[in-house]
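Undergrad: Let me begin by handing over the structure; questions about it come next.
The values are calculated or read from the model by the stated rules, or taken from the named source; none is laboratory data. The structure presented is a predicted model; accordingly, all values stated were derived computationally and were not measured. A quick note on method: Cβ atoms are made from the backbone with ideal geometry, for glycine too, and the neighbour counts reach across all protein chains shown.
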């Protein structure tokens, strides 16, 4: 399957609350070891649901390839 | 997606408040909300409590669907200094509450008030607490105040910002994340501190 043009990127100040996990329709984001959320680039379609609900506002939707 | 049993734990939160209003001694049950996340972080090394089992977070999420402005929160709310500063402040206030309990244990009179937002003393004279030692009742009054204060703050930030804004600066969440970071560092020198930037970014295959 072709990858989407955009994907979610989690910022450094993620509080690992896991709110993003609950809304991701592709299970592409999960909190790793209680430290921070991590996006699976192969699964993420950049729909932005996680960015919209993130209570800390640390998720951005970026162009694929520009994610740092 | 099919709901699981833990998706209904917000009912437990409502039950806690109702039981506490009926009898303040039920405030002791709130200790579960303190100890379980810590045990999950210490033993399991995860924040599964926040993700799955936090009734307060679920309740704020549900209420926020109707009552939240859904506005991005101010940046300071997620900053490390604010989160750890708030945790420290909360712990100091918790310590003062424990001191009050100790004073009653050593003979001071019981104060039948619930302190809201660390300042406002709500009279709670209807409480029937004769069946237990005064210090047990004093702890219940103090603890109910702590829980009520955090709930009021959670509701305020839910309305002003995003539904689960409380999760950003929740002292338990900060503490459990700190524990997980320490565990992670200890295990593989991984995702704590400066290196955390590598943990959140979309760094897996397919970028």
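Undergrad: If you check residue A:37 against the conditions, is it in contact (Cβ under 8 Å) with a residue 24 or more places away in the chain and closer than 25 Å to residue B:62 by Cα?
TA: Criteria met by residue A:37.
Undergrad: Could you check segment B:103-189 for helices (runs of 4 or more DSSP H) lying wholly inside it with 2 or more residues that are surrounded by 23 or more Cβ atoms within 10 Å (Cβ to Cβ) and away from chain A (no Cβ under 14 Å)?
TA: Answer list for segment B:103-189: B:134-160.
Undergrad: Of all residues in segment B:12-36, which are exposed (fewer than 13 other Cβ atoms within 10 Å of the Cβ) and farther than 17 Å from residue B:154 by Cβ?
TA: Hits for segment B:12-36 are B:18, B:22, B:31, B:32, B:35.
Undergrad: Scan (1) over 22 Å from residue B:172 (Cα atoms); (2) more than 7 Å from chain B (Cβ to nearest Cβ); (3) surrounded by 21 or more Cβ atoms within 10 Å (Cβ to Cβ) for the single condition residue A:20 breaks and write down its number.
TA: The number of the failed condition is (1).
Undergrad: Checking residue A:33 against (1) at pLDDT 95 or above; (2) buried (at least 19 other Cβ atoms within 10 Å of the Cβ): exactly one of these is not met. Which one?
TA: Just one mismatch for residue A:33, condition (1).
Undergrad: Now a separate question. Can you tell me which residue in segment A:40-68 is surrounded by the fewest Cβ atoms within 10 Å (Cβ to Cβ), limited to those that are within 8 Å of chain B (Cβ to nearest Cβ) and under 23 Å from residue B:174 (Cβ atoms)?
TA: By that ranking, first place goes to A:53.
Undergrad: Something else about it: List pairs: first in segment B:86-107 and in contact (Cβ under 8 Å) with a residue 24 or more places away in the chain, second outside any helix (DSSP H, G or I), Cβ under 7 Å, 6+ apart or cross-chain?
TA: B:93/B:118; B:104/B:110
Undergrad: Let me ask something else. Does segment B:63-76 contain at least one residue that is under 21 Å from residue B:19 (Cα atoms) and in contact with a helix residue (DSSP H, G or I) (Cβ under 9 Å, 6 or more places away or on another chain)?
TA: Yes.
Undergrad: Of the conditions (1) within 21 Å of residue A:14 (Cβ to Cβ); (2) in contact with a strand residue (DSSP E or B) (Cβ under 9 Å, 6 or more places away or on another chain), residue B:57 fails just one. Which one is it?
TA: (2)
Undergrad: Does residue B:56 fit the bill of being over 22 Å from residue B:181 (Cα atoms) and either in contact with a helix residue (DSSP H, G or I) (Cβ under 6 Å, 6 or more places away or on another chain) or crowded, with 19+ Cβ neighbours inside 10 Å (or both)?
TA: Here the answer is yes, as residue B:56 does meet what is asked.
Undergrad: Are there any helices (runs of 4 or more DSSP H) wholly within segment B:3-92 with 2 or more residues that are over 16 Å from the mean Cα position of the chain (by Cα), and if so which?
TA: Output list reads B:10-22, B:55-67.
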